[in-house]
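The values are calculated or read from the model by the stated rules, or taken from the named source; none is laboratory data. Please read these numbers as outputs of a predicted model, since none were measured by experiment. As a convention, Cβ positions derive from the backbone with ideal geometry for all residues, glycine included, and neighbour counts pool all protein chains shown. Protein only, heavy atoms only, side chains kept; ligands, DNA and RNA dropped before computing areas. Shrake-Rupley method; radii C 1.70, N 1.55, O 1.52, S 1.80 Å.
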Amino acid sequence: MLRRVLFLTTVFVLLLGLLAACGGGDEPTPTPAPVATATPTPPPEPVELNVIMAWDRRVEATVVSGDPVIDAIARIGGDRVVINKVGPEAVPSFQQIQPLKDGLFDLNFSTAGYHAGQSSLVISSSLARGSAEERRTCGLSGALEDLYSEQIGVKMLGEFPMGFGNKVYTTKPMTSPDFSGLKLRASGGTYEAFVETLGGETVTIAVPEIYSGLEKGVIDGIMFGGVGADALGLGEVLKYMIKPDLTEVTSALFANEDSWNALPDDVKDIINQAVSEVQVSGREAGFASSDREREALLAAGLEEVVFTGADLELWNSTFYEANLENNIRTGDPAYASRIEEALTCLTGS
């Protein structure tokens, strides 16, 4: 009997211990709430940009700024941006602004100088030296951007000052800034006023015909918007290069207004970042490219004629003043004074 009592007591104590361990069995063990599975956000669709280039790689502007800025957009944009690039053969360089305005292309790498038919004021882009930052600080870039949007109908995304300036080469010697008796291949309003003011005659010849024109004496020299004489083999027919270069050549990236306004903000940021990057690197590359060409032409036998003193002052001031009088002050008064003030800031005059 005693053993049975001890056994039951032991069993009872064990049961109490089990009940205590289980919380008395009064509350069930809570079931964890199900965790919602997040639906993955699909990546944004790629944005396609149709780009037309004014020149191929035989023109140094394409090498130092054009291809680099388009490549930078593609690199920075990654899978977000798809670039469809076509060359100048699709539309002649001087005529590309119209299909850009019409929306056939989203972007155009070109130069403001090609748009003088829309406004002579755009020539101001290549009428002074200065980095992209200096041009913006002095107000030139802002004035041109407003002019393009309000009066020409496209968006200027950025200027690319290229370090090198407008160059003059001749087959006959020049001892002073005097083009009397010389015929120069110098097309466009930027050059014509300058050459004619110094007594010369301007002749319009297509680039592929320059070599034969110099060789046959049809022309006595050329004005060239930057680097390219050596690449065209002109060192074989030219004899003199006149220094210093005049002002600074620029190129620019333009956009169709509607296309730009429709772009998502992140794609606009990608393009703006690429432009800012190449505005610096392209100018550095342009300086180096100009130096290389100078050495190549000297090695080919060209003689360098360097103006100094009063001749230097006349050389520079004639180019600037001829363009100021013929292309800036004759432009829309709403912008002319604003642009002239910006140029004064850049030239320090």
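Summed over the range 155-182, the residues that are surrounded by fewer than 22 Cβ atoms within 10 Å (Cβ to Cβ) and acidic (Asp, Glu) give a count of 1.
In the set Glu295, Glu313, Glu304, only one residue is more than 18 Å from Asp71 (Cβ to Cβ) and open to solvent by less than 60 Å² (accessible area, probe 1.4 Å); that residue is Glu304.
Screening Phe94 with (1) over 16 Å from the mean Cα position of the chain (by Cα); (2) modelled with pLDDT of 95 or more; (3) aromatic (Phe, Trp, Tyr) gives one miss only, at (2). Just one of the numbered conditions (1) within 15 Å of the chain's Cα centre (by Cα); (2) modelled with pLDDT of 95 or more is not true of Val81: (1). Just one residue in the set Val249, Val280 is under 22 Å from the mean Cα position of the chain (by Cα), of a type in the set (Val, Ile, Thr) and surrounded by 17 or more Cβ atoms within 10 Å (Cβ to Cβ); that residue is Val249. Residues in the range 64-77 that are in contact with a helix residue (DSSP H, G or I) (Cβ under 9 Å, 6 or more places away or on another chain) and surrounded by fewer than 21 Cβ atoms within 10 Å (Cβ to Cβ): 6 in all. Within the range 294-348, being within 22 Å of Cys138 (Cβ to Cβ) and aromatic (Phe, Trp, Tyr) holds for Phe319, Tyr320, Tyr335. Can you tell me which residues in the range 108-149 are among the small types (Gly, Ala, Ser), in contact (Cβ under 8 Å) with a residue 60 or more places away in the chain and farther than 22 Å from Asn272 by Cβ? Listed by number, the residues that qualify are Gly113, Ala116, Ser119, Ser120, Ser124, Ser126, Ala128. Selection over the range 156-208 of residues that are among the aliphatic types (A, V, I, L, M) and either part of a loop (DSSP other than H, G, I, E, B) or in contact with a Phe, Trp or Tyr (Cβ under 7 Å, 6 or more places away or on another chain) (or both) gives a count of 10. In summary, Gln98 fulfils each of the numbered conditions (1) polar (S, T, N, Q); (2) closer than 19 Å to Arg283 by Cβ; (3) out of contact with any Phe, Trp or Tyr (no Cβ under 9 Å at 6 or more places or on another chain) with the single exception of condition (2). Residues of the range 183-216 that are out of contact with any Ser or Thr (no Cβ under 8 Å at 6 or more places or on another chain), touching a residue at least 40 places away in the same chain (Cβ under 8 Å) and either crowded, with 20+ Cβ neighbours inside 10 Å or over 24 Å from Ser251 (Cβ atoms) (or both): Ala193 alone.
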